[in-house]
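The values are calculated or read from the model by the stated rules, or taken from the named source; none is laboratory data. Keep in mind that what you see is a predicted model, and the values were worked out from it rather than measured. Cβ atoms come from the backbone with ideal geometry, glycine included; neighbour counts cover every protein chain shown.
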Amino acid sequence: MSVIDTTSEFTVNIDGQRTGTNYRGLFKVKKYLSHADFLLKERIYLDMLGPYAEKAGVAASNTAEMMSTCHVRILEAPIWWKEAGNGMSLVDEEPPLEIYQKIKKIDEDLLAAVRKKGQEARDDLLAMSPPPTAG
């Protein structure tokens, strides 16, 4: 049985438009969420939106999705991220958005790899199948 690599790393080098601050550093993130991670992400999402989550606006819902995802997926981060309460107290929007986009890119790449393997398996099965006989 092969060992599955469950983490991924990426770097950021972002200039905040509001403050002009340069945010750079290495992030190590989970590629996959356990059931417990998924439930924690959902709890954080709902906590961010408060008791009237179903009435939250699109911007608030998107921000809660982005920040709850980052909170659960990030394993290691630069000190500026940690000091900002896992990005929550940053004034600049660019760092959490870029980090979230990089996490979602990891998801997209994993899905593409699964689809590719599925297509290869399908092609192998078709190549092994005998040709249809004329009836």
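Quick look at the values:
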quantity	calculated
Whichever residue in segment 1-27 is among the aliphatic types (A, V, I, L, M) and in a loop (DSSP other than H, G, I, E, B) and, among such residues, is nearest to Glu93 (Cα to Cα)	Ile4
Enumeration of residues in segment 48-78 that are at negative phi, more than 17 Å from the chain's Cα centre (by Cα) and free of Cβ contacts under 8 Å to residues at least 24 places away in the same chain	Met48, Leu49, Pro51, Tyr52, Ala53, Glu54, Lys55, Ala56, Gly57, Val58, Ala59, Ala60
Residue within segment 28-47 that is touching a residue at least 12 places away in the same chain (Cβ under 8 Å), more than 19 Å from Glu83 (Cα to Cα), touching a Ser or Thr at 6+ places or on another chain (Cβ under 9 Å) and in a strand (DSSP E or B) present	yes
Failed condition for Glu54, given (1) at pLDDT 95 or above; (2) assigned to a helix (DSSP H, G or I); (3) of a type outside the set (Phe, Trp, Tyr)	(1)
Tally of residues being surrounded by fewer than 20 Cβ atoms within 10 Å (Cβ to Cβ), among the aliphatic types (A, V, I, L, M) and part of a helix (DSSP H, G or I) across segment 68-100	2
